[in-house]
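Structure record follows, encoded as structure tokens.
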Protein chains: 4
Amino acid sequence: MEDLRSNIAAFIEERDWDQFHSPKNLAMALSVEVAEIVEHFQWLTEEQTRNLPPEKLAEIREEIGDVMIYLTELAEKLGVDSVEAAKAKLVINSQKYPASLVKGKASKYTEYQ
Amino acid sequence: MEDLRSNIAAFIEERDWDQFHSPKNLAMALSVEVAEIVEHFQWLTEEQTRNLPPEKLAEIREEIGDVMIYLTELAEKLGVDSVEAAKAKLVINSQKYPASLVKGKASKYTEYQ
Amino acid sequence: MEDLRSNIAAFIEERDWDQFHSPKNLAMALSVEVAEIVEHFQWLTEEQTRNLPPEKLAEIREEIGDVMIYLTELAEKLGVDSVEAAKAKLVINSQKYPASLVKGKASKYTEYQ
Amino acid sequence: MEDLRSNIAAFIEERDWDQFHSPKNLAMALSVEVAEIVEHFQWLTEEQTRNLPPEKLAEIREEIGDVMIYLTELAEKLGVDSVEAAKAKLVINSQKYPASLVKGKASKYTEYQ
């Protein structure tokens, strides 16, 4: 992750793009890149997305890369460590969705309260 | 990152949620979590998003956590290392947007070709 | 549609919200409202989304309303008639995806060229 | 709107695409088309999106068309009249955000309660 953060910082600085990369704009770019993953899956069945052909997977790997780049940059810009934020959120989610209550069910947590 | 990956795997297994977590569904969930970040920014100016108050930032940190969780889980499920995918994509992006050509400009790369 | 357009214009004017409703911000809000529809469907099977219970449908109807409001407002702001734009785009799509070529198939049109 | 609805129905039937057009998949496609609008705006200032050059506007008009097509089809499939749903939601929104309370302010309604 440290390498990735510094590679991104160098990429932005060399292009003098920080001026365009407000958190607002980065969040928009992040949503656009996620939509490029969704586009690959929209007409496939769930089963097909569990068994993707290698060419398709190679394309999706690139989109995952783009999402990860923007997410890392956005987090950095806000002074957030994305890995630590995810670990902390997983603890919160564990409390919101106790295994004893939700095991094998997919409802939104508010439906359990 | 390794810790995060194994924490996520344990969270899913304890809840028996793998049956719902096809790549298709995870991509949808990822897009929903990104929208929760976008929602925080939609009526703010770019400048305001560069200077968020601490309470707002704490909320956004949680959303970043959720996005990171789903992105990590989706990548894992597809056998993709998200950090390596991001590094590789940054190399591709460097070639698509040569610094000499795009410095200080924000156009889409196709407009340079 | 004409009624809807004038109801929206009155709603915005009474609240003096035009200052926040740049096309950029409206596009963000539109994406957030669409995500609220996606959220209802993310853990359901395709079959389940074809047979929704009435309470769920009532909630989704509200989200469709919000998407339609923002789409109508965004189009208006850009001087675009959304119904005419859709009809014109359907003609373009008919040429991109000739029925003789794509019947019963779901691939992206570039895969046919 | 009636013309548009019947044009869409004919387009789908000629291609035998109803099998792929579950509400779940249509919601994904809708989110992807909205992202194509967002992509046009992500690096522009709010001011620039209020003053788009004609070529750019022509491209965005096509994306608005696609969003309208999927929204109309999704609503139809769920038995929802999108125009009526928008009017009804506007009444709800008027109560959630009383003009006397929110005039000239952009906060989310929960912040007023």
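The values are calculated or read from the model by the stated rules, or taken from the named source; none is laboratory data. Note that the structure is predicted; figures quoted are calculated from it, not measured. Every residue, glycine as well, gets a Cβ built from its backbone with ideal geometry; the counts of neighbours run over all protein chains shown. The area values use the complete protein model at the heavy-atom level, side chains included, leaving out ligands, DNA and RNA. Shrake-Rupley method; radii C 1.70, N 1.55, O 1.52, S 1.80 Å.
What to note about this one:
- When the residues of segment C:94-113 are filtered to those that are open to solvent by 80 Å² or more (accessible area, probe 1.4 Å) and of a type in the set (Lys, Arg), the one that is modelled with the lowest pLDDT is C:Lys108.
- Pairs, first facing chain D (nearest Cβ under 7 Å) in segment A:22-44, second at pLDDT below 95, C-beta under 7 Å, six or more apart: A:Trp43/C:Ala106
- Candidates B:Thr45, B:Thr49 - the one that is modelled with pLDDT of 95 or more, over 26 Å from A:Glu2 (Cα atoms) and among the hydroxyl-bearing types (Ser, Thr, Tyr): B:Thr45
- Summed over segment C:15-40, residues that are in contact with a helix residue (DSSP H, G or I) (Cβ under 8 Å, 6 or more places away or on another chain), open to solvent by 40 Å² or more (accessible area, probe 1.4 Å) and closer than 23 Å to C:Leu4 by Cβ total 2.
- Taking the criterion of being at the interface with another protein chain (Cβ under 8 Å from one of its Cβ atoms) and without any contact (Cβ under 8 Å) to a residue 24 or more places away in the chain, the residues of segment D:1-21 that qualify are D:Asp3, D:Asn7, D:Phe11, D:Glu14, D:Arg15, D:Asp16, D:Trp17, D:Gln19, D:Phe20.
- Whichever residue in segment B:41-60 is β-branched (Val, Ile, Thr) and more than 18 Å from A:Ala86 (Cα to Cα) and, among such residues, is surrounded by the most Cβ atoms within 10 Å (Cβ to Cβ): B:Thr49
- Criterion applied to C:Leu101, C:Leu71, C:Leu57, C:Leu90 was being within 9 Å of chain D (Cβ to nearest Cβ) and out of contact with any Gly (no Cβ under 9 Å at 6 or more places or on another chain), and the one residue passing it is C:Leu71.
- Within segment D:65-77, the presence of at least one residue that is free of Cβ contacts under 8 Å to residues at least 24 places away in the same chain, in contact with a Lys or Arg (Cβ under 8 Å, 6 or more places away or on another chain) and over 16 Å from D:Ser22 (Cβ atoms) is confirmed.
- Enumeration of residues in segment A:54-81 that are in contact with a helix residue (DSSP H, G or I) (Cβ under 8 Å, 6 or more places away or on another chain) and under 15 Å from A:Glu39 (Cα atoms): A:Lys56, A:Glu59, A:Ile60, A:Arg61, A:Glu62, A:Glu63, A:Ile64, A:Asp66, A:Val67
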